[in-house]
Amino acid sequence: MLYELPCRLLPEHRVHYNILPHLEIAELFTIPQNIEQILLKQFPAIHFYAQNAMVLERTVQQCPSDNVQTLYVYFYAQRVFIFHYQNKKVRFANEFAIVTVSDALYYILNVWKRLELNQENDRCILIQPENAPENITTQLSQYLRHITVADMKEWFGQAPLSRIKDIPFDILSLLLNGF
């Protein structure tokens, strides 16, 4: 099961974790106890995964080894998950709610600036921009020079699941990472 990235620790929540072997980190997340109990009752062998854990695991494997820095931007369900690696280690990862293209631009460019990335040399990879507000790529290209849309076939090879057009990247990553 996938669940969201923010770890809100409330008394009625239970803390879970995922070990991300390629990143050598553990990601903590919470699940409301009542939901956890219902799911465990129906599916006793269920495993819980933080929603973006598999996204991080898959993209670090695609991380370029050259000196060019890359900002990854994954769009889903009126949210944007923005993350960046340095030496194949997570330097930044956070998600934000977005409604308009202005929201998305604000968060992406703000993170870009905070990480001190260079708009002339460094790159931005958009994952599933079809889930983003309209014209995000065009709008973003006014500020950044190297924008690429992730190619699922390139990232997942010839896996039959990668040919399904509307399968979310996080689900595809979960299924094909073998977790």
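Here are the numbers for this structure:
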{"item": "Residue match in region 79-86 (condition: farther than 25 Å from Ile136 by Cβ and not polar (S, T, N, Q))", "result": "no"}
{"item": "Enumeration of residues in region 40-54 that are out of contact with any strand residue (DSSP E or B) (no Cβ under 6 Å at 6 or more places or on another chain) and either assigned to a loop (DSSP other than H, G, I, E, B) or aliphatic (A, V, I, L, M) (or both)", "result": "Leu40, Phe43, Pro44, Ala45, Ile46, His47, Met54"}
{"item": "Region 12-35 residues that are under 11 Å from Leu56 (Cα atoms) and without any contact (Cβ under 8 Å) to a residue 60 or more places away in the chain, paired with ones that are surrounded by 15 or more Cβ atoms within 10 Å (Cβ to Cβ) and among the small types (Gly, Ala, Ser) (beta carbon under 7 Å, 6 or more apart)", "result": "Leu20/Ala53; Glu27/Ala50; Glu27/Ala53"}
{"item": "In region 29-58, residue nearest to the chain's Cα centre (by Cα) [restricted to those that are loosely packed, with under 14 Cβ neighbours inside 10 Å, over 21 Å from Pro11 (Cβ atoms) and of a type in the set (A, V, I, L, M, F, W, C)]", "result": "Ile46"}
{"item": "Residues satisfying the stated conditions in region 95-114, i.e. closer than 20 Å to Glu27 by Cβ and either touching a residue at least 24 places away in the same chain (Cβ under 8 Å) or buried (at least 19 other Cβ atoms within 10 Å of the Cβ) (or both)", "result": "Glu95, Val111"}
{"item": "All helices (runs of 4 or more DSSP H) inside region 117-179 with 3 or more residues being over 13 Å from Thr59 (Cα atoms) and not basic (Lys, Arg)", "result": "136-140"}
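Every read-out reported here was derived from the displayed coordinates using simple, explicitly stated rules and does not represent laboratory data. Being a predicted model, the structure only gives us computed values, none of them experimental. Cβ coordinates were reconstructed from backbone atoms using ideal geometry, including for glycine residues, and neighbour counts include every protein chain displayed.
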